[in-house]
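Report on the following structure.
The values are calculated or read from the model by the stated rules, or taken from the named source; none is laboratory data. On a predicted model such as this, the values are computed, not experimentally measured, just so you know. A quick note on method: Cβ atoms are made from the backbone with ideal geometry, for glycine too, and the neighbour counts reach across all protein chains shown.
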Amino acid sequence: MDWGWIGRNLDLIGGRVLEHVALTAPPIVIGLVLSIPLGYWASRSRVARSILLVLGNIVYTIPAIALLVLVPVLLGGAILDPVNLVIALTLYALALMVRSAADAFAAVPHDVVSSATSIGYSAWQRFFAVELPLAGPVLLAGIRVVSVSTVSLASVGALTGIENLGSFFIDAFQRQFLTEALVGIVAVLVVAAVFDVVLQLLGRLLMPWNRRNRRAAENPALLRTPPIGGVA
Amino acid sequence: MIEFRSVSKTYQDGTAAVEDFSLEIPARRITVLVGSSGSGKTTVMRMINRMVDPTSGTVEIDGVDVATREPVQLRRGIGYIMQNSGLLPHRSVLDNITTVPRLTGVSKADARRRAFELMEVVGLERSLADRYPSQLSGGQQQRVGVARGLAVDPNILLMDEPFSAVDPIVRDELQQEVLRIQAELAKTIVFVSHDIDEAFLLGDQVVVLERGGHIVQQGTPTEILANPATDFVATFIGAERGKRRLVVSDSTPAIGDDRVLVDGGGYPVGIIAAPGGRLEAGNPNPKSRSVSNKTDQAGDA
């Protein structure tokens with residue numbers, strides 16, 4: 001181990017962390033956004049659900065290296081362009097996320113949706129004000145998995161010359177230099193952990209009812225209120 | 001007034017939920033559709049706000065065929081209160097009550113002011129305004145549901161077995177609350193129930209339905225009780241089992257001037273005042289049926 005190497009290469013480490021973030025944040029966000037309409041569609045039609053889930057499984061089965069070569073060939077871009085990695089990671093994110101999104105929308109209580117319709121929500125209003133927020137907790141659980149998987153998967157991009165934290169593994173392997181490999185692993189873990197914390201905080205911010213409901217379920221005292229005029 | 005004209009509903013698989021159903025629902029009265037499950041009572045009610053569109057026949061509100069109305073607009077003008085309250089679990093009590101007024105463009109401040117008024121009307125403390133539905137008891141949730149139904153001040157209120165999931169004591173309170181609110185606001189209420197006692201308590205008009213939405217009997221509770229049209233009605237209201245035919249128990253000693261009443265099966269069901277051994281005559285006008293000065297306002301259902 002060469003602890004001094006870390007101190008001497010802080011700039012390099014910092015730069016690769018930023019590159020890693022820049023490469024992984026867009027696929028996570030785009031994957032989530034695209035999975036919402038697809039997941040909603042899958043939750044409403046059995047045929048759509050089967051097709052989308054099978055497609056997702058197929059995409060997820062393609063080896064990462066193969067996909068990284070395939071994307072520029074299919075889209076006609078340069079093979080070393082970082083965009084290839086973003087596209088490939090987006091496809092993986094989407095492949096994983098469609099299933100979560102389909103389950104998330106399927107889990108929205110039917111009577112709440114029907115009740116919203118009965119009191120005069122239009123289909124669009126109902127989607128944005130009722131179904132999407134109520135699908136939120138399951139969507140969040142899904143995107144947390146996708147986030148971790150994307151952050152770790154991005155390292156593979158280094159093999160095709162796209163600079164990120166994975167580049168440390170390649171260097172370490174070629175130079176038989178353990179310290180660099182360790183730095184890469186820890187940095188990937190830290191990025192994944194930070195992403196997860198950010199997602200959880202966003203979830204709490206956007207879905208305040210979720211926590212309070214859970215708290216109420218754990219603590220029945222919250223349900224007890226003084227009777228109003230002798231009735232409760 | 002709401003009018004059903006030979007309405008039928010057949011689903012794609014061929015099941016007839018409702019067959020040739022005709023009924024007049026008077027304005028500013030409570031009409032209870034009562035029947036066992038599968039009688040089509042909920043389907044009939046949901047045709048009023050176009051949650052179900054009839055296969056044939058028409059439903060008219062004040063002479064206007066609802067099929068000509070845009071469903072979303074139509075629903076915003078009709079209060080809807082359902083079993084398990086149907087509240088939005090991710091919205092606070094106050095937001096749930098203001099949701100429909102907000103959809104129709106009422107300002108936030110006005111909607112909130114009205115919501116606080118309504119919370120008072122339905123007997124909810126202001127301090128509950130920021131709670132989420134899951135933080136309320138079942139009875140409180142139903143009260144919020146009633147407040148939400150009243151929020152746009154609709155002429156028509158549809159109530160779909162609203163109190164069937166709460167415990168009997170709370171149900172009793174909520175039923176009394178409906179009668180009190182109705183005495184004040186005089187809405188056209190269509191109430192669906194499978195509980196004949198609830199129907200007799202709340203209904204100005206009670207409509208007993210059998211499978212397929214067939215009306216077996218309609219009338220005031222007194223009329224139905226005094227003269228059940230068929231064996232089905234007699235069984236349904238419990239007359240056959242002697243549940244409705246009460247006699248003074250001769251074996252139980254009198255409590256002061258009160259005597260114990262027993263039903264046909266000999267089970268004690270109540271107490272009757274008999275000062276000096278004579279039965280007293282009661283006032284036959286229940287609270288809910290005392291809005292008579294408002295009966296003939298045609299065209300305002």
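Can you find a residue that is on the phi > 0 side of the Ramachandran plot, in the same structural domain as residue B:205 (by TED's automatic domain parsing), touching a strand residue (DSSP E or B) at 6+ places or on another chain (Cβ under 8 Å) and among the charged types (D, E, K, R) anywhere in the stretch B:27-35? Yes, the stretch B:27-35 has at least one match.
Taken together, the residues in the stretch B:103-126 that are within 10 Å of another protein chain (Cβ to nearest Cβ) and touching a Pro at 6+ places or on another chain (Cβ under 9 Å) amount to 1. Only a single item in (1) under 20 Å from the mean Cα position of the chain (by Cα); (2) surrounded by 19 or more Cβ atoms within 10 Å (Cβ to Cβ) is not met by residue A:169, and it is number (1). Given the structure, is residue B:183 without any contact (Cβ under 8 Å) to a residue 40 or more places away in the chain and either surrounded by fewer than 17 Cβ atoms within 10 Å (Cβ to Cβ) or not assigned by TED's automatic domain parsing to the domain that holds residue B:124 (or both)? Taking the combined requirement at face value, the residue does not satisfy it.
From B:208, B:170, grab the single residue that is outside any helix (DSSP H, G or I) and assigned by TED's automatic domain parsing to the domain that holds residue B:20. Outline the logic, then answer.
Values: B:170 fails: outside any helix (DSSP H, G or I).
Answer to the selection: B:208.
Tell me, which residue of the stretch B:149-164 that is within 11 Å of chain A (Cβ to nearest Cβ) and either in contact with a Ser or Thr (Cβ under 7 Å, 6 or more places away or on another chain) or among the small types (Gly, Ala, Ser) (or both) is surrounded by the fewest Cβ atoms within 10 Å (Cβ to Cβ)?
If we filter the stretch B:149-164 for residues that are within 11 Å of chain A (Cβ to nearest Cβ), which is where we start, we get B:149, B:151-152, B:154, B:158, B:160.
Going one step further and asking which of them are either in contact with a Ser or Thr (Cβ under 7 Å, 6 or more places away or on another chain) or among the small types (Gly, Ala, Ser) (or both), we end up with B:149, B:151-152, B:160.
Numbers: B:149: 28, B:151: 24, B:152: 20, B:160: 22.
Ranking the qualifying residues of the stretch B:149-164, first place goes to B:152.
Where helices (runs of 4 or more DSSP H) sit wholly within the stretch A:56-165, those with at least 2 residues that are within 14 Å of another protein chain (Cβ to nearest Cβ) and closer than 19 Å to residue A:26 by Cα occupy A:132-153. For residue B:79, the stated conditions hold: it is farther than 30 Å from residue A:211 by Cβ and small (Gly, Ala, Ser).
Here is a yes/no grid of residues against (1) at pLDDT below 90; (2) of a type outside the set (Gly, Ala, Ser):
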residue	(1), (2)
A:5	yes, yes
A:20	no, yes
A:24	no, yes
A:37	no, yes
A:54	no, yes
A:78	yes, no
A:86	no, yes
A:100	no, no
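Select from the stretch B:85-102 the residues that are under 14 Å from residue B:135 (Cα atoms) and at the interface with another protein chain (Cβ under 9 Å from one of its Cβ atoms) and list them in ascending order. Answer for the stretch B:85-102, where residues must be under 14 Å from residue B:135 (Cα atoms) and at the interface with another protein chain (Cβ under 9 Å from one of its Cβ atoms): B:85, B:87, B:88, B:89, B:90, B:91, B:92.
Of the residues A:122, A:118, A:100, which single one is closer than 20 Å to residue A:42 by Cβ and of a type in the set (Ser, Thr, Tyr)? Can you show your working first?
Working: A:122 fails: closer than 20 Å to residue A:42 by Cβ; A:118 fails: closer than 20 Å to residue A:42 by Cβ.
Only one candidate qualifies: A:100.
For the stretch A:28-74, the tally of residues that are of a type in the set (Val, Ile, Thr) and in contact (Cβ under 8 Å) with a residue 60 or more places away in the chain stands at 5. Taking the stated definitions as given, is residue B:176 polar (S, T, N, Q) and surrounded by 17 or more Cβ atoms within 10 Å (Cβ to Cβ)? Judged against the criteria, residue B:176 is not a match. The numbered conditions (1) more than 14 Å from chain A (Cβ to nearest Cβ); (2) under 19 Å from residue B:196 (Cα atoms) are all true for residue B:65 except (2). Checking A:68, A:38 one by one, the residue that is crowded, with 17+ Cβ neighbours inside 10 Å and over 17 Å from residue A:105 (Cα atoms) is A:68 and no other. Taking the listed residues A:222, A:206, the one that is within 12 Å of chain B (Cβ to nearest Cβ), within 25 Å of residue B:144 (Cβ to Cβ) and modelled with pLDDT of 80 or more is A:206, with no other qualifying. Whenever a residue of the stretch B:19-46 is away from chain A (no Cβ under 14 Å), its partners that are of a type in the set (Ser, Thr, Tyr) and part of a loop (DSSP other than H, G, I, E, B), lying with C-beta atoms within less than 9 angstrom and at least six residues away or across chains, give the pairs B:26/B:295; B:27/B:295; B:28/B:295; B:29/B:295; B:33/B:39. Is it fair to say residue B:68 is out of contact with any helix residue (DSSP H, G or I) (no Cβ under 6 Å at 6 or more places or on another chain), in the same structural domain as residue B:191 (by TED's automatic domain parsing) and within 21 Å of residue B:153 (Cα to Cα)? No: the conditions fail for residue B:68.
Kindly indicate whether any position in the stretch A:86-107 is within 24 Å of residue A:186 (Cβ to Cβ) and among the aromatic types (Phe, Trp, Tyr). Checking the stretch A:86-107: at least one residue is within 24 Å of residue A:186 (Cβ to Cβ) and among the aromatic types (Phe, Trp, Tyr). If you take the residues in the stretch B:132-167 that are outside any helix (DSSP H, G or I), of a type in the set (D, E, K, R) and in contact (Cβ under 8 Å) with a residue 12 or more places away in the chain, which one is farthest from residue B:185 (Cα to Cα)? Among those that are outside any helix (DSSP H, G or I), of a type in the set (D, E, K, R) and in contact (Cβ under 8 Å) with a residue 12 or more places away in the chain, it is B:167.
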